[in-house]
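The values are calculated or read from the model by the stated rules, or taken from the named source; none is laboratory data. Note that this is a predicted model, so its numbers are computed, not measured. Here the Cβ positions follow ideal geometry from the backbone for every residue, glycine too, while neighbour counts run over all protein chains shown. Please note that ligands, DNA and RNA were not included when accessible areas were found on the heavy atoms of the full protein model with its side chains. Shrake-Rupley method; radii C 1.70, N 1.55, O 1.52, S 1.80 Å.
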Protein chains: 6
Amino acid sequence: MRGDGRQPRDLRPFAVTLQPNKYAEGSVLIEMGDTKVLCTATIEEKVPPFLKGQGKGWINAEYSMLPRATQVRNPRESVRGKLGGRTMEIQRLIGRALRSIVNLEALGERTIMLDCDVLQADGGTRTTSITGSFLALALAVHKLSAAGKFGAKYPLADYLASVSVGMLNGQALLDLNYEEDSKAKVDMNVVMTGQGAFVEVQGTGEDSPFARAELDAMLELAESGIGRLIAWQREVLGEAGLKIGGMQA
Amino acid sequence: MRGDGRQPRDLRPFAVTLQPNKYAEGSVLIEMGDTKVLCTATIEEKVPPFLKGQGKGWINAEYSMLPRATQVRNPRESVRGKLGGRTMEIQRLIGRALRSIVNLEALGERTIMLDCDVLQADGGTRTTSITGSFLALALAVHKLSAAGKFGAKYPLADYLASVSVGMLNGQALLDLNYEEDSKAKVDMNVVMTGQGAFVEVQGTGEDSPFARAELDAMLELAESGIGRLIAWQREVLGEAGLKIGGMQA
Amino acid sequence: MRGDGRQPRDLRPFAVTLQPNKYAEGSVLIEMGDTKVLCTATIEEKVPPFLKGQGKGWINAEYSMLPRATQVRNPRESVRGKLGGRTMEIQRLIGRALRSIVNLEALGERTIMLDCDVLQADGGTRTTSITGSFLALALAVHKLSAAGKFGAKYPLADYLASVSVGMLNGQALLDLNYEEDSKAKVDMNVVMTGQGAFVEVQGTGEDSPFARAELDAMLELAESGIGRLIAWQREVLGEAGLKIGGMQA
Amino acid sequence: MRGDGRQPRDLRPFAVTLQPNKYAEGSVLIEMGDTKVLCTATIEEKVPPFLKGQGKGWINAEYSMLPRATQVRNPRESVRGKLGGRTMEIQRLIGRALRSIVNLEALGERTIMLDCDVLQADGGTRTTSITGSFLALALAVHKLSAAGKFGAKYPLADYLASVSVGMLNGQALLDLNYEEDSKAKVDMNVVMTGQGAFVEVQGTGEDSPFARAELDAMLELAESGIGRLIAWQREVLGEAGLKIGGMQA
Amino acid sequence: MRGDGRQPRDLRPFAVTLQPNKYAEGSVLIEMGDTKVLCTATIEEKVPPFLKGQGKGWINAEYSMLPRATQVRNPRESVRGKLGGRTMEIQRLIGRALRSIVNLEALGERTIMLDCDVLQADGGTRTTSITGSFLALALAVHKLSAAGKFGAKYPLADYLASVSVGMLNGQALLDLNYEEDSKAKVDMNVVMTGQGAFVEVQGTGEDSPFARAELDAMLELAESGIGRLIAWQREVLGEAGLKIGGMQA
Amino acid sequence: MRGDGRQPRDLRPFAVTLQPNKYAEGSVLIEMGDTKVLCTATIEEKVPPFLKGQGKGWINAEYSMLPRATQVRNPRESVRGKLGGRTMEIQRLIGRALRSIVNLEALGERTIMLDCDVLQADGGTRTTSITGSFLALALAVHKLSAAGKFGAKYPLADYLASVSVGMLNGQALLDLNYEEDSKAKVDMNVVMTGQGAFVEVQGTGEDSPFARAELDAMLELAESGIGRLIAWQREVLGEAGLKIGGMQA
């Protein structure tokens, strides 16, 4: 049994508040255990310079932690004057993952910007940000759809969620909290679609290389956990998610 | 009557969640109408270089808005690589205001850093940040006090709260929301103590200079509003606030 | 009596050199006691992006201190790579104050940039910058007027000057020098128009909150001092100031 | 057959120049096809602040591309004033990968800094940087060892190499060049040790999610390619590599 | 005859105000025609890290132009967030030139910082800064000497001045103003000592390469002009310059 | 005799690799003794804003050293976030020198960017960069010419090379290596054309002023060394250099 009483295959309790922000076109406050991330989706009727005039849209993401989201206060990146490598790595990951299930032609010449702000961090902030920002994105796309902004194709080709897995004391564990994460010998983040395909697989054995069998065990756990998260996403979105996956991206 | 049904002397509905953050030594989520600010107090057992070895503590503050706290998304200052003038002005104000009621000798050689992060903005974010960060500060100081960290003097010499006032259509109004604020010809932020003394008075008539009588009317409104806020702070803090003001700062 | 022999209601000796700079459209070297500020006004036939095509002009200001303007040398902000909070706060104040007496429609689609460079600082650099940059602005506007650039309305609706006041040893003092400023328990900067209306009132009691009666005493002193400064400005500008205030801004 | 005549399981021709730099403690110029990276290892007898006094060493890495390493010239990051997200991501990966096979206690309180400068880029610059910087690291560690700087344990616990794999037209391909990389639907970078364990597995299906069978096919190819690279590394290092892997990291 | 009525060998009218700044240890306002530079010397009782504990001092220089020192306003480098190449080049030149006549051992473990701020620019700002900052340096050194801070050796080994020369319409001209400078085909800055030795010779023929005979003609003119400037410096410094050059640097 | 066995008038052994980079329009790897610089010329079919629509081209240059080009590793300027003064000074020099022999009208509305990256430094990196980047520029211009991009005038009016000279132990020396450079009392960089005209003369006597006779001796040595380098450049370029100097720039 794990420190917080979970079995290896258990996710932490998760919850979501829909539309907590009165201005954003889509927003959720997502919680995975004590990790809390506010995700907002902003629709901008323009695209980056490299896409102008091509009739395609774009999805972008930014990620940040409030200074006291963590046990020890972290200096603000705005005060240090630049983004750290970890932040850049994470926000590149979030944007890439979301784009994998978006049909950019169907979206039309507009950008949806996802902002993931971590209010409290207890492990898995990047995977929780992906799972939450998919919801915010779905709400914003639904709003555009309700306003008749799209043609025959719905821009979201599938659901998307993410979870972390790791090896600790020879055991594969699902959805690590901070304490587990800091002791794990392997740390892996997996992003998958509603159809069960992989979008990102990132495994790191900085403290200790890992064997193929361990990789397989972790992938299997991730697959199972993401399946449960996507089932929950369907429930949460309800009618706002009905058109998702109706066609290929 | 005002756009949201209030009388000129009315504050917006206000509320607070105590200790929403599991790591910070003091934290509150304060709401004034639709303005929501997360304030955390972090205790650091060190002081800035210019205070080293003097047996005195320090209070610092940082202020930031989430990108989609506003109707139109604001680019992150971390991405732009520097703090804007408005941010600097506000966080200097918050720090200065809080220090006015802290006895730095009694605090001892430590720093309390107040982080004010605006989750949603609807006017009055700087005044709400001051009122909220006073509460977070009081919770952190109470925690230190409970741990026996202080001598005879309690470091908080008084309560502190802040409110905005303005002139709109020839009428002095208390606690402006964003819509009122953007139309007001004069905008004024006032910070006062529990004893009714002024800590900051900042009135600006960029669009239109104002007369002495208008200044007096606004000050009177501010005094009344701050009195109500401080009464509420006393209630909210309860036992954690009992030692405040027991001696001069 | 004060350290430099003045009575509480006395301004320091003040003087101005008109057009010390051979390139600027308007320039003055203003002195208040040992505080010396070079103010230049530059006319640029363009406006910031947010004003384009609206037929309105803009007034902007920048403020800086030479490194050895002060007793101890200050590192240059260009070397540190960013503007400090104090600089930003001051230049925002100068721009805002000047705009309050300018009719931006009457100015037409052009920007006047005021540069305030402090050659020597002995207290009151921000208030002296405002008083001096009003003169530089008036000279530049007069030059445009002489060249027939305006219609029926003159863009300057009023005179403008500023002074500092403070409480020291229980006494309200006008126009603090550096030594007084560093000991004052309250520090206040006031900007007023030739009609006697307030444009900015900024009072700070960081070291000690202040009472309403003290605020009133300081405001009265400021009003008196600014009146004398504006009378002097009228004299200094002479013919170049005759059209000011001929209509509402 | 592939555009350059290779079979899917073929690596590009690879070559190395040992010690091309007369100052660095270890250096190699590595070539994988037309990708050329200069890797230097610098020994510094100090450690980062967070490791001081712990008797442990550190391995760090920096990565950069010369402006004309690519078909279209890239602006220098030194001119833009900040590192891009891609650079940060890559240099974090290189450092993490190398640390996985280093026994930091055995290294002693010193830092080895690996600089990977891409002189010409034709796909696989990050994996080639890892394979090459392992060689530069091994040369530097051998030099320290020859000078009697270590105790019983040799700081390098294993060999390390990296290669890219991808899915193109339904086929898994090893060691993609730039043309293949830009058309691949999945792109994956794998880092492995001489013992055949995984250190990093990073697979991305931005343009199209991928199935478990595809993941397996790519991993198998990577395993095979890395095996060949490590065999070559053993040959290249010769005597300088004999002590590697003699004990656990 | 030249545009301003001078002969080719004529300097522009020059003048100096001694000690215009009440705080600096040495200061001058120097004018060469319409070029006006405020030079201040600040004594700091510390040296840069690379000189600590060696019993030697250091001379440093910074150079800046006020935004409206020129016909067209230049954006501030503090606002742009970095120093431009021209500024860096000039301040490196000023520091290097001054150090050539300073005996750093005799100066003792202290730094003298020269700040050259151009109030108005009409050609020759870098050479005027050198000539002026030598005077400010001499005043500061004299002050230290009067306070008995030095041993047997006086830290200033010689006088130092600088002037520009150029080729225009086939004619070598001394001390170019802005109009001449912008049309000259060769531009040269020369720094020399009171003994007539060269400290810096920087000639540039960007628009047109130049012959050896032209170089010789320009050097001869520079030598003559600098001789006159150093004679004037001796007069200006009077007693404060008597000890200069009494020994070798 | 010198430390490396050379006579005072000897250049170090020099060599060049033509077109080492497969993407750049022109590229060379030039070696002067142990100094190795990779120079690439990139043609961009656009000009800087200040030249738009004038039918003229531009030549620009950037210079950088790899971190371990030197005995002690230098931090990257991209990591420090800004270019140092030395880098700016050198790249301004390279660009200026190259422009002196280019007919910008004949080049047409395009920019050629020269990148000089020092792989290994042993004195004379700026002069070697000029000599090498002239070759890269000539190759790129020849390529444009072969493609029929020019009219009657060839854009290169002459050859160009550069060398350093210095005074050491009372002796003028040609082409200083790092050891000599660090001990020399005078250091001078000279750039000349194939016609024997001067483009840049930069002599610095920071440690000790120098006499006119020393200046003359150094200039004579530089003239002789540059003559040899330009003869070699003619040989190296062969046919690619035949059109150079066929007309005035």
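Taking the criterion of being within 20 Å of D:Gly123 (Cα to Cα) and among the aliphatic types (A, V, I, L, M), the residues of region D:19-46 that qualify are D:Val28, D:Leu29, D:Ile30, D:Met32, D:Val37, D:Leu38. Condition test on E:Arg80, is it touching a helix residue (DSSP H, G or I) at 6+ places or on another chain (Cβ under 9 Å) and in contact (Cβ under 8 Å) with a residue 40 or more places away in the chain? No, not satisfied. With respect to the stated conditions, C:Thr128 fails to be within 13 Å of another protein chain (Cβ to nearest Cβ) and polar (S, T, N, Q).
Return yes when D:Leu135 is out of contact with any Gly (no Cβ under 6 Å at 6 or more places or on another chain), of a type outside the set (D, E, K, R), within 18 Å of D:Arg12 (Cβ to Cβ) and surrounded by 17 or more Cβ atoms within 10 Å (Cβ to Cβ) and no when it is not. So D:Leu135 passes the test.
Report, by residue number, each residue of region C:82-102 that is over 30 Å from C:Ala157 (Cα atoms) and either more than 9 Å from chain B (Cβ to nearest Cβ) or of a type in the set (A, V, I, L, M) (or both).
Filtering region C:82-102 down to residues over 30 Å from C:Ala157 (Cα atoms) leaves C:82-85.
The answer is C:Leu83, and nothing else.
Scanning region D:205-219 for residues that are at pLDDT 95 or above and under 23 Å from the mean Cα position of the chain (by Cα) gives D:Leu215, D:Asp216, D:Ala217, D:Met218, D:Leu219.
Output the residue which, of all residues in region F:80-90 that are part of a helix (DSSP H, G or I) and touching a Lys or Arg at 6+ places or on another chain (Cβ under 9 Å), is surrounded by the most Cβ atoms within 10 Å (Cβ to Cβ).
The residue in question is F:Ile90.
A count restricted to region A:19-39 and to residues that are under 19 Å from A:Ile101 (Cβ atoms) and open to solvent by 10 Å² or more (accessible area, probe 1.4 Å) stands at 1. Kindly indicate whether D:Thr111 is more than 24 Å from D:Asp34 (Cα to Cα), of a type in the set (Val, Ile, Thr) and more than 10 Å from chain A (Cβ to nearest Cβ). Criteria met by D:Thr111.
From the residues in region D:1-17 that are surrounded by fewer than 16 Cβ atoms within 10 Å (Cβ to Cβ) and of a type outside the set (D, E, K, R), which one is farthest from D:Val165 (Cα to Cα)? This residue is D:Thr17. Scan E:Leu174, E:Leu237 and give me the residue that is in contact (Cβ under 8 Å) with a residue 60 or more places away in the chain, more than 13 Å from every other protein chain (Cβ to nearest Cβ) and crowded, with 22+ Cβ neighbours inside 10 Å. Only one candidate qualifies: E:Leu174. The set of residues in region A:125-165 being more than 10 Å from the chain's Cα centre (by Cα) and not hydrophobic (A, V, I, L, M, F, W, C) consists of A:His142, A:Lys143, A:Ser145, A:Gly148, A:Lys149, A:Gly151, A:Lys153, A:Tyr154, A:Pro155, A:Asp158, A:Tyr159, A:Ser164. Restricting F:Glu214, F:Glu180, F:Glu206 to residues that are at the interface with chain E (Cβ under 7 Å from one of its Cβ atoms), among the charged types (D, E, K, R) and open to solvent by 10 Å² or more (accessible area, probe 1.4 Å) narrows the list to F:Glu206.
In the set (1) within 12 Å of chain F (Cβ to nearest Cβ); (2) under 24 Å from C:Arg80 (Cα atoms), E:Tyr23 fails one condition alone, (1).
For region F:166-185, which positions are under 24 Å from F:Gly227 (Cβ atoms) and of a type in the set (Asp, Glu)?
Narrowing region F:166-185 to residues under 24 Å from F:Gly227 (Cβ atoms): F:166-168, F:171-177, F:180-181, F:184.
Hits for region F:166-185 are F:Asp175, F:Glu180, F:Asp181.
Test D:Leu168 against the criterion of being under 21 Å from the mean Cα position of the chain (by Cα) and hydrophobic (A, V, I, L, M, F, W, C), and give yes or no. The answer is no for D:Leu168.
Scan region B:63-73 residue by residue and report those that are outside any strand (DSSP E or B) and either of a type in the set (Ser, Thr, Tyr) or loosely packed, with under 15 Cβ neighbours inside 10 Å (or both).
Narrowing region B:63-73 to residues outside any strand (DSSP E or B): B:66-73.
Answer for region B:63-73, where residues must be outside any strand (DSSP E or B) and either of a type in the set (Ser, Thr, Tyr) or loosely packed, with under 15 Cβ neighbours inside 10 Å (or both): B:Thr70, B:Gln71, B:Val72.
For region F:42-62, the set of residues classified as closer than 30 Å to D:Leu114 by Cβ and either facing chain D (nearest Cβ under 10 Å) or without any contact (Cβ under 8 Å) to a residue 40 or more places away in the chain (or both) consists of F:Thr42, F:Glu62, listed by residue number.
Going by the structure shown, is A:Glu77 more than 11 Å from chain D (Cβ to nearest Cβ), on the phi < 0 side of the Ramachandran plot, among the acidic types (Asp, Glu) and surrounded by fewer than 19 Cβ atoms within 10 Å (Cβ to Cβ)? Walk me through how you get there before you give the answer.
Details: more than 11 Å from chain D (Cβ to nearest Cβ): yes; on the phi < 0 side of the Ramachandran plot: yes; among the acidic types (Asp, Glu): yes; surrounded by fewer than 19 Cβ atoms within 10 Å (Cβ to Cβ): no.
Judged against the criteria, A:Glu77 is not a match.
Taking each residue of region E:1-17 that is under 23 Å from E:Leu38 (Cβ atoms) and looking for partners that are in a loop (DSSP other than H, G, I, E, B) with beta-carbon atoms closer than 6 Å, six or more apart or interchain, yields E:Leu11/E:Asp175; E:Arg12/E:Gly33; E:Arg12/E:Asp175.
Output yes when any residue across region D:230-246 is of a type in the set (D, E, K, R), closer than 27 Å to D:Arg92 by Cβ and out of contact with any Gly (no Cβ under 6 Å at 6 or more places or on another chain), and no when none is. No; the residues of region D:230-246 include none that is of a type in the set (D, E, K, R), closer than 27 Å to D:Arg92 by Cβ and out of contact with any Gly (no Cβ under 6 Å at 6 or more places or on another chain). Scanning region B:98-153 for residues that are under 24 Å from B:Arg228 (Cβ atoms) and either at pLDDT below 95 or assigned to a strand (DSSP E or B) (or both) yields B:Val102, B:Leu114, B:Cys116, B:Val118, B:Leu119, B:Gln120.
For A:Pro67, the conditions (1) within 14 Å of chain B (Cβ to nearest Cβ); (2) without any contact (Cβ under 8 Å) to a residue 24 or more places away in the chain; (3) under 22 Å from A:Ser162 (Cα atoms) all hold with the exception of (3). When B:Glu105 is tested against the conditions (1) within 14 Å of chain C (Cβ to nearest Cβ); (2) under 20 Å from B:Thr40 (Cα atoms), the lone failure is (2). Looking at E:Met88, is it without any contact (Cβ under 8 Å) to a residue 40 or more places away in the chain and hydrophobic (A, V, I, L, M, F, W, C)? In short, yes.
Here is a list: C:Leu114, C:Leu104. Which entry is hydrophobic (A, V, I, L, M, F, W, C), more than 21 Å from E:Tyr23 (Cα to Cα) and surrounded by 24 or more Cβ atoms within 10 Å (Cβ to Cβ)?
Values: C:Leu104 fails: surrounded by 24 or more Cβ atoms within 10 Å (Cβ to Cβ).
Result of the check over C:Leu114, C:Leu104: C:Leu114.
Within region B:148-171, the set of residues being aliphatic (A, V, I, L, M), within 23 Å of B:Val102 (Cβ to Cβ) and buried (at least 17 other Cβ atoms within 10 Å of the Cβ) comprises B:Leu156, B:Ala157, B:Leu160, B:Ala161, B:Val163. Considering only region D:220-234, state which residues are open to solvent by less than 20 Å² (accessible area, probe 1.4 Å), within 14 Å of chain A (Cβ to nearest Cβ) and within 17 Å of the chain's Cα centre (by Cα). Across region D:220-234, the qualifying residues are D:Ala222, D:Ile226, D:Ile230.
Where in region E:156-249 are there strands (runs of 3 or more DSSP E), lying wholly inside it, with at least 2 residues that are under 20 Å from F:Asp187 (Cβ atoms)? Steps first, answer last, please.
Values: elements: E:160-168, E:171-174, E:186-193, E:198-204.
Fully inside region E:156-249 and qualifying: E:160-168, E:186-193, E:198-204.
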